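Undergrad: Let me give you the structure first, and then I'll get to my questions.
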Amino acid sequence: MSFDLLSSGLSILAQVENPPTTAPAVVPVVNPADTAWMLVSTALVLFMTPALAFFYGGLARSKNMLNTMMMSFIAMGFVGVAWALVGYSLAFSDGNKFIGGLSWAFLQTIGTDPKVGTTIPHVLFMAYQATFAIITAALISGAIIERMRFGAYVAFITLWSIVVYAPVCHWVWGGGWAGAAPGIGALDFAGGTVVHINAAAAALVAAIVVGKRKDFGRQALLPHNVPLVLLGAGALWFGWFGFNGGSALASNASAATAFTNTMLAPCATMVAWTLLDLLRTGKVTGVGCGTGIVVGLVAITPAAGFLSPTSAMAVGLIAAFPSYFAIIIRAKTSLDDSLDVFAAHGLGGITGALLTGVFADETWGGAGNKGLLNGNPGQLLIQAEAIVGTLVYSLVVSFILIKIIGFLLPLKATDAQQGVGLDVVDHGEEAYSNGEGAVLILENESTSTPAASPSTIGAR
Amino acid sequence: MKLIVAIIRPDKLNDVLKSLYKAEVRGVSVSHVRGHGGETENVETYRGTTVKMELQEKIRIEIGVSDHFVDPTVQSILSAAKTGEVGDGKIFVIPVESVYRIRTSEKDTAAVTPVAVKA
């Protein structure tokens, strides 16, 4: 979603579509077709967060199903509000190369006039970007499910969206150091660095600082509902058309390229993943299929609008390998990144961002956006700089942030609470209650009943 | 012969099974049950309806053993299933009149003696 690319791309398109009769001094106007597509895209990307909840929830154990799903859902509330209040301004308003200012805090002056450099209303641009902040924060939860306390988690992702996500977003898309003009800046079409590498680094830090689940390495911790994992993966793919296709910020050729590549790259990843599964174990797994889809989507995200559909399939195919083997190796270590956020989103994102610098093609991605295979080896280095910058910043600041929160609040549920399951401990609900043994508490006796505080449950 | 019936916490099942295998106890039946053993009830709320969950998820293990295996079996369950909090469960040791192994029609002690698995 490089704006510079976009504005240059748009001006080229404008010239093609409106031959010289139009005056060059362009008065920004809202384009109805662009606005229509971005309205749809915003809804599609928001839908990815519930989809992620099902993907993650199915991979958890049944006693932690609701807690795992809520960790995604809650981002729509807290991160959404934080984004409107300050996050958006820090990411996109004028500032320095590292962070934006506060001129748009509390959505001041943001109206329905077109956002500079786009043809869509500014409020819509803000809402579209809000859905990105929400899903990015929710992605982190996969690393700490089944043991991080809910309150500490909510505090972490909300503050993280302000102090980590917003600055990194500013670097790449808001006028910061990593997203300068075509041929100079890093190419990140829809958020390979901003969303996936960024969230994966935070996930890694959170998994290490919070620590592993009490049963990790002692018992098999199996997915409780693989059908829901596949439902979630399918719904993520659906929503991702808005994530990548919408990142063109217009209903144009670039959106069509990104959309098509979002269709094809995960196909190739699935094929590669399936064959790896088949060769290694002789069986093709459903969880592997779902994971392959997500890895393919992650990998094509930075590249989506910059390369040909054939190259997109190459990206999808190659991206299967690092993530596939990282997941196998990770399970044998003592790192409890429970749902392999780093292996899927971190390595998938890094592979995709690097391959963007290899396959980017001016014919598809607009003038100046070319990679190694099209005579611009320097792009690969620029991609690497953006990756390292994001990784280092996210690792360090996420670490400091979670340490501060850990100083104020306990991060991890006790062993007894983990034994009961966090659905009951944190939410006072069960995902699959059949109502047996449930006794109605009437108004007048509710005071005498021991409250559902986690401490009473933990102490039983 | 005795039938040992143990009610334990669901999250202790793996520990108990491991401990039983270590004590060379073979032949276990496991079922999911719901029960109440005096522990604090979980209070849950659904759409404004607050309920006390008087029944908790538990696991019931049943093991038929010959007499000299009773003590090792009980000890391994006791050590593996304990958390020290109310709700850890119970072990019942029940006399058994007779036992048959269906495959061979062996009776009583022969029926509960594990068969060496041919390699």
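Undergrad: Here is a check on your reading of the model: is A:SER89 part of a helix (DSSP H, G or I) and either in contact with a helix residue (DSSP H, G or I) (Cβ under 9 Å, 6 or more places away or on another chain) or charged (D, E, K, R) (or both)? Before the answer, list the steps.
TA: Numbers: part of a helix (DSSP H, G or I): yes; either in contact with a helix residue (DSSP H, G or I) (Cβ under 9 Å, 6 or more places away or on another chain) or charged (D, E, K, R) (or both): yes.
Taking the combined requirement at face value, the residue satisfies it.
Undergrad: Only residues that are within 14 Å of chain A (Cβ to nearest Cβ) and either over 18 Å from A:ARG218 (Cα atoms) or acidic (Asp, Glu) (or both): list them for segment B:1-22, please.
TA: B:ILE8, B:ASP11, B:ASP15
Undergrad: Does segment A:72-83 contain at least one residue that is among the aliphatic types (A, V, I, L, M) and out of contact with any helix residue (DSSP H, G or I) (no Cβ under 7 Å at 6 or more places or on another chain)?
TA: There is at least one residue in segment A:72-83 that is among the aliphatic types (A, V, I, L, M) and out of contact with any helix residue (DSSP H, G or I) (no Cβ under 7 Å at 6 or more places or on another chain).
Undergrad: Report whether or not A:ALA265 is surrounded by 24 or more Cβ atoms within 10 Å (Cβ to Cβ) and touching a residue at least 40 places away in the same chain (Cβ under 8 Å). Write out each step before concluding.
TA: Values: surrounded by 24 or more Cβ atoms within 10 Å (Cβ to Cβ): yes; touching a residue at least 40 places away in the same chain (Cβ under 8 Å): yes.
Spelling it out, A:ALA265 is indeed surrounded by 24 or more Cβ atoms within 10 Å (Cβ to Cβ) and touching a residue at least 40 places away in the same chain (Cβ under 8 Å).
Undergrad: Residues of segment A:187-230 being of a type in the set (Gly, Ala, Ser) and at pLDDT below 95, which ones?
TA: Residues of segment A:187-230 of a type in the set (Gly, Ala, Ser): A:190-192, A:199-203, A:206-207, A:211, A:217, A:220.
Within segment A:187-230, A:ALA190, A:GLY191, A:GLY192, A:GLY217, A:ALA220 meet the criteria.
Undergrad: Also, I was wondering about something else. Which of the residues belonging to segment B:11-22 are closer than 24 Å to A:ARG61 by Cα, surrounded by fewer than 16 Cβ atoms within 10 Å (Cβ to Cβ) and touching a residue at least 12 places away in the same chain (Cβ under 8 Å)?
TA: Filtering segment B:11-22 down to residues closer than 24 Å to A:ARG61 by Cα leaves B:11-19.
Add one more test, that the residue is surrounded by fewer than 16 Cβ atoms within 10 Å (Cβ to Cβ), and what stays is B:14, B:18.
The answer is B:LYS18, and nothing else.
Undergrad: If the requirement is being on the phi > 0 side of the Ramachandran plot and among the hydroxyl-bearing types (Ser, Thr, Tyr), which of these qualifies: A:THR68, A:THR119, A:THR109? Lay out the reasoning, then the answer.
TA: On the way: A:THR68 fails: on the phi > 0 side of the Ramachandran plot; A:THR119 fails: on the phi > 0 side of the Ramachandran plot.
That would be A:THR109, the only listed residue that is on the phi > 0 side of the Ramachandran plot and among the hydroxyl-bearing types (Ser, Thr, Tyr).
Undergrad: When you go through A:GLY406, A:GLY371 one by one, which is the residue that is touching a residue at least 60 places away in the same chain (Cβ under 8 Å), of a type in the set (Gly, Ala, Ser), more than 14 Å from every other protein chain (Cβ to nearest Cβ) and closer than 30 Å to A:ASN252 by Cβ?
TA: Values: A:GLY406 fails: closer than 30 Å to A:ASN252 by Cβ.
Answer to the selection: A:GLY371.
Undergrad: Report the residue count in segment A:102-122 for those that are within 21 Å of A:VAL81 (Cα to Cα), in a loop (DSSP other than H, G, I, E, B) and in contact with a helix residue (DSSP H, G or I) (Cβ under 7 Å, 6 or more places away or on another chain). It would help to see each step written out before you state the result.
TA: As a first pass, look at segment A:102-122 and keep what is within 21 Å of A:VAL81 (Cα to Cα): A:102-112, A:115, A:121-122.
Now restrict to residues that are in a loop (DSSP other than H, G, I, E, B): A:102-104, A:108-112, A:115.
Okay, now just the ones that are also in contact with a helix residue (DSSP H, G or I) (Cβ under 7 Å, 6 or more places away or on another chain), so A:102-104, A:110-112, A:115.
Count: 7.
Undergrad: Determine whether segment B:70-82 contains at least one residue that is in contact with an Asp or Glu (Cβ under 6 Å, 6 or more places away or on another chain) and away from chain A (no Cβ under 14 Å).
TA: no
Undergrad: Let me ask you something else. Out of the residues in segment A:411-456 meeting the condition of being at pLDDT below 90, polar (S, T, N, Q) and in a helix (DSSP H, G or I), tell me which one is nearest to B:GLY48 (Cα to Cα).
TA: A:SER446
Undergrad: Looking at this structure, is A:GLY111 more than 13 Å from the chain's Cα centre (by Cα) and surrounded by fewer than 19 Cβ atoms within 10 Å (Cβ to Cβ)? Talk me through it step by step, then tell me what you get.
TA: Numbers: more than 13 Å from the chain's Cα centre (by Cα): yes; surrounded by fewer than 19 Cβ atoms within 10 Å (Cβ to Cβ): yes.
Yes; evaluated as a whole, the condition is true for this residue.
Undergrad: So if I check each of B:GLU62, B:GLU97, B:GLU54, which one is surrounded by fewer than 16 Cβ atoms within 10 Å (Cβ to Cβ) and more than 18 Å from B:HIS32 (Cα to Cα)?
TA: On the way: B:GLU62 fails: more than 18 Å from B:HIS32 (Cα to Cα); B:GLU54 fails: more than 18 Å from B:HIS32 (Cα to Cα).
Every option except B:GLU97 fails the conditions.
Undergrad: Something else about it: Away from every other protein chain (no Cβ under 12 Å) and in contact (Cβ under 8 Å) with a residue 24 or more places away in the chain: is that true of B:VAL25 in this structure?
TA: Numbers: away from every other protein chain (no Cβ under 12 Å): yes; in contact (Cβ under 8 Å) with a residue 24 or more places away in the chain: yes.
Yes.
Undergrad: Looking only at segment A:208-216, decide whether some residue is within 17 Å of the chain's Cα centre (by Cα) and assigned to a helix (DSSP H, G or I).
TA: Residues of segment A:208-216 within 17 Å of the chain's Cα centre (by Cα): none.
Checked against the condition, which is being within 17 Å of the chain's Cα centre (by Cα) and assigned to a helix (DSSP H, G or I), segment A:208-216 yields no hits at all.
Undergrad: Pairs only if they're at least six apart or on different chains, beta carbon under 8 angstrom, first in segment A:425-443 and at the interface with chain B (Cβ under 7 Å from one of its Cβ atoms), second of a type in the set (Ser, Thr, Tyr); list them, first residue then second.
TA: A:GLY428/B:THR45; A:GLU429/B:THR45; A:GLU429/B:TYR46; A:LEU440/B:THR49; A:LEU440/B:THR50; A:ILE441/A:THR449; A:ILE441/B:THR50
Undergrad: Next question, about the same structure. Report, by residue number, each residue of segment A:250-262 that is within 18 Å of the chain's Cα centre (by Cα) and either surrounded by fewer than 24 Cβ atoms within 10 Å (Cβ to Cβ) or not in a helix (DSSP H, G or I) (or both).
TA: Result: A:PHE259, single match.
Undergrad: Under the condition of being within 11 Å of chain A (Cβ to nearest Cβ) and under 19 Å from the mean Cα position of the chain (by Cα), which residue from segment B:40-58 is farthest from B:THR73 (Cα to Cα)?
TA: Filtering first and then ranking leaves B:LEU55.
Undergrad: Could I ask something else about it? Only one residue in A:ILE184, A:ILE145, A:ILE120 is of a type outside the set (Gly, Ala, Ser) and at pLDDT below 90. Which one? Give the derivation first.
TA: Working: A:ILE145 fails: at pLDDT below 90; A:ILE120 fails: at pLDDT below 90.
Result: A:ILE184 is the single residue among A:ILE184, A:ILE145, A:ILE120 that is of a type outside the set (Gly, Ala, Ser) and at pLDDT below 90.
Undergrad: Return a yes/no flag: does segment A:218-240 have any residue that is at positive phi and either away from chain B (no Cβ under 14 Å) or buried (at least 19 other Cβ atoms within 10 Å of the Cβ) (or both). Give the steps one after another, and end with the answer.
TA: Our first condition is that a residue be at positive phi; within segment A:218-240, this holds for none.
No, that holds for no residue.
The values are calculated or read from the model by the stated rules, or taken from the named source; none is laboratory data. Note that this is a predicted model, so its numbers are computed, not measured. All Cβ positions, glycine included, derive from the backbone under ideal geometry; neighbour counts span all protein chains shown.
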